[in-house]
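> For reference, the structure I am asking about is given below.
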Amino acid sequence: MGQLFSWFKRTPPRLQSKDLEGVAAYIASGRCKNIVIMAGAGISRAAGIPDFRSQGGLYDVLRKWNIDVRRPEDIFTLSRFKEDPKPFYKLMSQLYGGSYRPTLTHSFFRLLDKRRVLNACWTQNVDNLECLAGLPARRLIEAHGTLDSQHCTSCGAKCDDRKMKHAVVTGDIPVCEKKGCGGFVKPDVVMFGESLPLKFWLNLPFLKRADLLIIVGTSLAVPPFSFIANWVPTSCPRVVINMEPVWGVGGRANDVEVLGDCDETVRRLAQLIGADWEAQLDALWKETEGKVFQYKEGVPA
Ligand code: CNA
């Protein structure tokens, strides 16, 4: 009997209304304590990093460059990289030559953490901006790896950061310096053909605790990441914050879709929850001034 009551207690309530106001009221009620975020490249566009599939995104860039790949996806395939890493590094040098500050959406994640309502942020992004926004590592699952470290694809040895920075800025291909190896070095991003990090698999059971799922800035087109949306309890409200509808979400009673720019939407959400939330959001974003992801730093002149 006790178990039955605790199950009822944990069952998230239905939203008052299937819109941003309903989501805000739910968060403000104090009954929502285990928010799970699923994030994608759309949240970093305002930082200046293109996504994959939007107009003007990476796939369009690759087509314009006439990069010799049968499909744009091939550039991110491990076997292809091992054969010829040049297209990958050409892309990296074009993409990550600048410096990128976390966006308001990244700071919103930090705000949820500060307010002790964030269970975990599952991100497909590799740009490290969640960390720079101050999200602690224990709350972050970088499902597709990170550009923040790198290893040799042959022997697995770690490679020096400065060497990688140099490679990204100049387009040179970094090669393992271990005696007799000479394998190509690759940032620790998960390519097609590689398994996802252990942290991804180990955290799957905790999705059952979710009492709100926020899906933001992602087309949700890449499995197995996309499956997470269906691993939260069926009673868990799911809100999509994206420029366009997301396939596979919308059919449940508590699904909400808010189409539009994510920075504008999270600001509106914070305002609706309470004025102090918006003020804290702005303060957290201000803290990210000068915290930028960039490769240029440390590159020998
Ligand atoms: P995607 O398939 O390109 O989808 C991005 C989604 O974001 C689209 O549905 C857009 O409509 C939406 N979007 C774009 N701008 C905004 C905005 N301002 N507000 C709200 N929504 C917006 O990218 P996914 O992340 O879904 O695909 C997963 C890939 C992309 C992962 O493997 C990543 O590693 C990879 N990626 C990451 C980065 C990065 O780390 N910043 C950049 C480019 C690609």
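> Hey, what's the chain come to in accessible area per residue, 1.4 Å probe, Å²?
Details: 14680 Å² over 301 residues.
Normalised by residue count, the accessible surface of the chain is 49 Å².
> Separate question: Using only Cα atoms, what Kirkwood radius does the range 69-226 have, in angstroms?
Values: mean 1/r = 0.0584 Å⁻¹.
For the range 69-226, inverting the mean 1/r across all distinct Cα pairs yields 17.1 Å.
> Estimate the FRET efficiency between residue 83 and residue 170 by the formula 1/(1 + (r/R0)^6), using the beta-carbon distance for r and 30 Å for R0, to the nearest 0.05.
Working: r = 21 Å, r/R0 = 0.71.
For residue 83 and residue 170, the calculated efficiency is 0.90.
> Using a basic spin-label model with each label point 7 Å from the Cα along Cα→Cβ, how many nm lie between residue 234 and residue 116?
3.3
> Let me ask something additional. Quick one: among 120, 25, 221, which has the greatest mean-square fluctuation in a GNM of the chain with alpha-carbon springs under 10 angstrom?
In the Gaussian network model the winner is 221.
> Then there's this: Spin-label point model (7 Å from Cα, Cβ direction): what's the residue 155 to residue 253 distance in nm?
6.0
> Calculated from DSSP H runs of 4 or more alone, at -39500 (n - 2.57) each and per residue, what is the 222 nm mean residue ellipticity of the chain, nearest 500?
Values: 11 runs with 98 residues, N = 301.
Helix contribution divided over all residues of the chain: -9000 deg cm²/dmol.
> Whole number please: convex hull volume per residue, Cα atoms of the range 145-194, in Å³. Numbers along the way, then the final one.
Details: hull volume 3.7 nm³, N = 50.
In the range 145-194, the Cα hull volume divided by residue count equals 75 Å³.
> Below 9 angstrom from the Cβ of residue 219, what's the summed charge of the other residues (Lys, Arg +1; Asp, Glu -1)? Kindly include the intermediate steps, with their values, before the conclusion.
Working: positive: 53; negative: 51, 244.
Surrounding charge for residue 219 is -1.
> What number, in percent, do you get for the relative contact order of the range 167-232 if the mean sequence gap of Cα pairs under 8 Å and at least 6 apart is divided by its residue count? Walk me through the numbers before you get to the answer.
Numbers: 28 pairs, mean separation 14.0, N = 66.
Averaging sequence separation for qualifying contacts and normalising by length gives 21 percent for the range 167-232.
> Could you tell me the convex hull volume per residue, in Å³, taken over the Cα atoms of the range 193-258?
On the way: hull volume 5.6 nm³, N = 66.
Residue-normalised Cα hull volume stands at 85 Å³.
> Can you give the FRET efficiency for residue 179 and residue 204, using 1/(1 + (r/R0)^6), R0 = 41 Å, r = Cβ-Cβ distance, to the nearest 0.05?
Working: r = 40 Å, r/R0 = 0.98.
That pair, residue 179 with residue 204, gives E of 0.55.
> With the contact rule set at Cα under 8 Å and sequence spacing of 6 or more, what percent relative contact order holds for the range 123-192? If you can, show how the numbers build up before the last one.
Details: 104 pairs, mean separation 23.0, N = 70.
Computed over the range 123-192, the figure is 33 percent.
> I've got another one for you. Report the Cα centroid-to-centroid distance between the range 73-102 and the range 195-270 in angstrom, as an integer.
What the calculation gives is 27 Å, centre to centre.
> Compare 274, 251, 134 in a GNM of the chain, Cα atoms joined below 10 Å, and give the one with the largest fluctuation.
Greatest mean-square fluctuation among the candidates belongs to 251.
> Let me ask something else. Keeping all protein chains in position, work out how much accessible area residue 194 exposes to a 1.4 Å probe, and write it in Å² to the nearest 10.
60
> Based on the alpha-carbon gyration tensor of the range 177-298 and its eigenvalue square roots a ≥ b ≥ c, which shape applies: rounded if a/c is under 1.5, prolate if not and a/b is larger than b/c, or oblate? Numbers along the way, then the final one.
On the way: a/c = 2.34, a/b = 1.33, b/c = 1.76.
The shape class here is oblate.
> Further question: Between 0 and 90 degrees, rounded to the nearest ten: what's the tilt of helix 161-170 against the longest Cα principal axis of the chain?
Value to nearest ten degrees: 80.
> What residue among 65, 277, 231 shows peak mean-square fluctuation when the chain is described by a Gaussian network model with Cα springs under 10 Å?
Among 65, 277, 231, the largest mean-square fluctuation in the Gaussian network model of the chain belongs to 65.
> Nearest 10 degrees, 0 to 90: what angle lies between the long axis of helix 275-287 and the longest principal axis of the chain (Cα atoms)?
Roughly 10 degrees between the two axes.
> Also: How large are Rg and Dmax for the chain when calculated on the C-alpha trace, in angstrom?
20.3, 70
The values are calculated or read from the model by the stated rules, or taken from the named source; none is laboratory data. Note that the coordinates shown come from a computational prediction; the quantities given were computed from them, not determined experimentally. Please note: Cβ atoms are built from the backbone with ideal geometry, for glycine as well, and neighbour counts cover all protein chains shown. We work out accessible area using only protein heavy atoms, side chains counted, and drop any ligands, DNA or RNA first. Shrake-Rupley method; radii C 1.70, N 1.55, O 1.52, S 1.80 Å.
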